[in-house]
Amino acid sequence: MKMRIETFALIAFTVLLAGCSGSGTGLTTGSLFGSSKEAAPSGIVETPSMRAAQVAAVSARAAKCGYNYDPVRLKSGFLASEAQGGAQDVPKLDREYDTIRAKVAATIAADGDYCSENRTREIKGDLTRHIAGDYTLPASKKIDERLLASGPRTREVLNPDFVNDKNAPKTKRVEDN
């Protein structure tokens, strides 16, 4: 019982100090318990790979829409930030970044109507944030997995031949229109 009271008192004291600190960073479980990973606003714990995918996709989208920025500087700033934050495998992040950027660029290359007014406004906001050194995931966005698929957009469906022929594959890919 005494241990619970001491633990509660320690947490209450920490909350009180965090509320009075005036640092503007807000109170998180990371600030209370020393965790370097904070949950994104959606409740998902961000990983370096998720951030690499986000920044690489924004870079490819910005290049497609003609934004004047230095993609090499953006990438090196991101990788330096991850290294400083304690990322264990920066060369792996470098490869993931390049792969995702290339896939997104290839996927959107043929779409002549890609750079709509709303989309360019979204890209500008994300790019500005990333250039400023904020590589966190946006609060309400998820990476569109279709952008990561190379070539035409496809999906897997049940292969009707599988019913009669057990050697046929269970599913087959079909192209979306």
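The values are calculated or read from the model by the stated rules, or taken from the named source; none is laboratory data. On a predicted model such as this, the values are computed, not experimentally measured, just so you know. Quick reminder, even Gly has a Cβ in these numbers, built from the backbone with ideal geometry, and neighbours come from all protein chains shown. Just so you know, the surface numbers come from the protein's heavy atoms only, side chains and all, with ligands and any DNA or RNA stripped out. Shrake-Rupley method; radii C 1.70, N 1.55, O 1.52, S 1.80 Å.
Once both labels are positioned 7 Å from their Cα atoms along Cα-to-Cβ, the gap between Ala132 and Arg119 label points is 2.5 nm.
Of Lys75/Lys172; Lys64/Lys92; Lys103/Lys170; Lys92/Lys124, which sit over 30 Å apart, Cα to Cα? Table pairs above 30 Å Cα-Cα are Lys75/Lys172.
With all protein chains present, how much of the accessible area of segment 40-141 (probe radius 1.4 Å) comes from carbon and sulfur, to the nearest whole percent?
Its accessible area is 52 percent carbon and sulfur atoms.
For trypsin sites (Lys or Arg not before Pro), no site in segment 43-136 is both called loop by DSSP and has at most 12 other Cβ atoms within 10 Å.
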